Amino acid sequence: MSVTPKPKAPDRMPPGQRFVNGWPVSHYGPVPRFRPERWSLRVFGATASGDTHEWTFDDLAGLPHTTVTADLHCASGPTSTGHEWYGIPATTVLDLVPPTSEVTHVMAWAEYGYSANLRLADFTSSQTLMATHHNGEPVTAEHGFPLRLVVPHLFGYKGPKWLRGIEYMTADRRGFWEERGYHNLADPWLQQRYSYQEDASD
């Protein structure tokens, strides 16, 4: 009988983080009920065509998919390792629904109006994806089913669970936690946790 090895602490850990086994559940508010007949992912804002594009839940299966293995860092301190994500590369959104040349940021929108702002360069990172699966299984409801944005190089609050929309923006605008005192950029390696740590350029 084979035994799955326990995750190991990474050789390099962002400063101020602590290694945890497993995958702690952390979110604000209740877990939304999934209604496939009402669900869609919208791309809107400063699109090159000026139009809004929508995909239904069934449409997701026909989009390009990839696998990314990465760690997950929470701004409150825990880091869990070795997460295997399977889903749609964020760059696919820009390929299928191009933004205008003036777009510099995106806002990721989730259920209940939750939002997280990202620089366009962070959204188009090779590891950023909209995950449908985790470690070979569909993402659970508590962890964001049916679609979760994963931005492994930033703190977890930049990757909303229950993703419902991507808004193209020509100027930055703070999201849910950023308006409530969290850092606008959220780089764990620079310990960018709270807004009081920001420079004028952030």
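The values are calculated or read from the model by the stated rules, or taken from the named source; none is laboratory data. Owing to the predicted nature of the structure, the values given are computational and were not obtained by experimental measurement. Because the Cβ atoms are built from the backbone with ideal geometry, glycine has one as well, and the counts that use them run over all protein chains shown.
For the range 165-182, give me the residue count where each residue is free of Cβ contacts under 8 Å to residues at least 24 places away in the same chain and not acidic (Asp, Glu).
Total satisfying the criteria: 2.
Of everything in the range 37-63, what is in contact (Cβ under 8 Å) with a residue 40 or more places away in the chain, outside any loop (DSSP other than H, G, I, E, B) and not basic (Lys, Arg)? Give them in sequence order.
Across the range 37-63, the qualifying residues are Ser40, Leu41, Val43, Phe44, Gly45, Thr47, His53, Leu60.
Mind listing whichever residues of the range 55-90 are among the aliphatic types (A, V, I, L, M) and either more than 13 Å from the chain's Cα centre (by Cα) or farther than 12 Å from Pro24 by Cα (or both)?
Leu60, Ala61, Leu63, Val68, Ala70, Ala75, Ile88, Ala90
Run Ser76 past the list (1) more than 21 Å from Arg35 (Cα to Cα); (2) at pLDDT 95 or above; (3) of a type in the set (Gly, Ala, Ser) and report the number of the one that doesn't hold.
(2)
State whether one or more residues within the range 148-159 are in a loop (DSSP other than H, G, I, E, B) and free of Cβ contacts under 8 Å to residues at least 12 places away in the same chain.
no
Out of (1) at pLDDT 95 or above; (2) farther than 25 Å from Gly45 by Cβ; (3) not in a strand (DSSP E or B), what's the single condition that is false for Tyr86?
(3)
For the range 120-144, which residues satisfy the criterion of being surrounded by 15 or more Cβ atoms within 10 Å (Cβ to Cβ), without any contact (Cβ under 8 Å) to a residue 40 or more places away in the chain and of a type in the set (Gly, Ala, Ser)?
Hits for the range 120-144 are Ser125, Gly144.
Suppose we filter Thr91, Thr66, Thr104, Thr79 for residues that are crowded, with 17+ Cβ neighbours inside 10 Å, in contact (Cβ under 8 Å) with a residue 24 or more places away in the chain and either within 24 Å of Asp187 (Cβ to Cβ) or touching a strand residue (DSSP E or B) at 6+ places or on another chain (Cβ under 7 Å) (or both); which single one remains?
Thr79
Whether any residue in the range 19-41 is modelled with pLDDT of 95 or more and in contact with a Lys or Arg (Cβ under 7 Å, 6 or more places away or on another chain) is what I want to check.
yes
Could you check Ala171 against (1) of a type in the set (Gly, Ala, Ser); (2) in a loop (DSSP other than H, G, I, E, B); (3) surrounded by 17 or more Cβ atoms within 10 Å (Cβ to Cβ) and say which number it fails?
(3)
Looking at Asn184, Asn117 in this structure, which one is at pLDDT 95 or above, within 23 Å of Ser49 (Cα to Cα), of a type in the set (S, T, N, Q) and surrounded by 15 or more Cβ atoms within 10 Å (Cβ to Cβ)?
Result: Asn117 is the single residue among Asn184, Asn117 that is at pLDDT 95 or above, within 23 Å of Ser49 (Cα to Cα), of a type in the set (S, T, N, Q) and surrounded by 15 or more Cβ atoms within 10 Å (Cβ to Cβ).
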